[in-house]
Amino acid sequence: MTQTFDFENILNKVEHNSEPPLHLWNPQLCGDIDISIDTQGVWRHCGETFKRTEIPQLFSKILCREGGDYYLKTPVEKWRIKVADVPFYFIHIEQRETDQGQSLCFVSLNEDVIELSELNPLRVSVDSNTGEPSPYIHVRDGMEGKLSRNLYYQLIDMAINDEQAQQLYLESQGQRFLLGSY
């Protein structure tokens, strides 16, 4: 199933919706709740996928990480949830021209928009057994998002090849980000 995006509409929503001040909220842990996020960013409650996409979109805004655990946090409640790998899964990319040059913006399954930058760098983890690369981008507060395999291949197609260093890299916001070595 291919999902289409109205990037300008998504970007407009992001720019007009401020993030909740999770760092100011310090509620006591209420316990564990049967909500999980699988390796492809699909949110589930009691094993069932949320039918309304607005719920995971809202929950992703109040999601935080403390230590190695993930929580849904409000000013008065904090519930621990299960995350299989990382909580965000990016499936779309947009290239924009800015004052600093090209900017690469990633859109998650829940319409979170992250711009590849010094604050939100890219890292590629390579499985030691299979050699398979898994690209991740920093989202916020120690949380990352995984880039879909299709998105990774798109990045390889747009990567700059430094033959002397035998590396592929991306440029965004005037910064270089290593995509891989060969």
Among the residues in the range 117-126, are any surrounded by 14 or more Cβ atoms within 10 Å (Cβ to Cβ), in contact with a helix residue (DSSP H, G or I) (Cβ under 6 Å, 6 or more places away or on another chain) and part of a strand (DSSP E or B)? no
Need the failing condition index for Gln164 against (1) part of a loop (DSSP other than H, G, I, E, B); (2) within 27 Å of Tyr70 (Cβ to Cβ), just the number. (2)
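Name the one entry in Ser117, Ser108, Ser148 that is among the polar types (S, T, N, Q), outside the structural domain of Cys30 (by TED's automatic domain parsing) and closer than 21 Å to Tyr71 by Cβ.
Ser108
From the list Leu147, Leu151, Leu170, pick out the single residue that is modelled with pLDDT of 95 or more and farther than 30 Å from Arg52 by Cβ.
Step by step, each of Leu147, Leu151, Leu170 is checked, and only Leu170 is modelled with pLDDT of 95 or more and farther than 30 Å from Arg52 by Cβ.
Can you name every residue in the range 59-90 that is hydrophobic (A, V, I, L, M, F, W, C) and surrounded by 14 or more Cβ atoms within 10 Å (Cβ to Cβ)? Let's see the steps before the verdict.
So in the range 59-90, the residues hydrophobic (A, V, I, L, M, F, W, C) come out as 59, 62-64, 72, 76, 79, 81, 83-84, 86, 88, 90.
Of everything in the range 59-90, those that are hydrophobic (A, V, I, L, M, F, W, C) and surrounded by 14 or more Cβ atoms within 10 Å (Cβ to Cβ) turn out to be Phe59, Ile62, Leu63, Cys64, Leu72, Trp79, Ile81, Val83, Val86, Phe88, Phe90.
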Inspect all residues belonging to the range 149-156 and state whether any of them is closer than 27 Å to Asp99 by Cβ and part of a strand (DSSP E or B). no
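The values are calculated or read from the model by the stated rules, or taken from the named source; none is laboratory data. Nothing here was measured: the structure is a model prediction, and the numbers come from that model. Cβ coordinates were reconstructed from backbone atoms using ideal geometry, including for glycine residues, and neighbour counts include every protein chain displayed.
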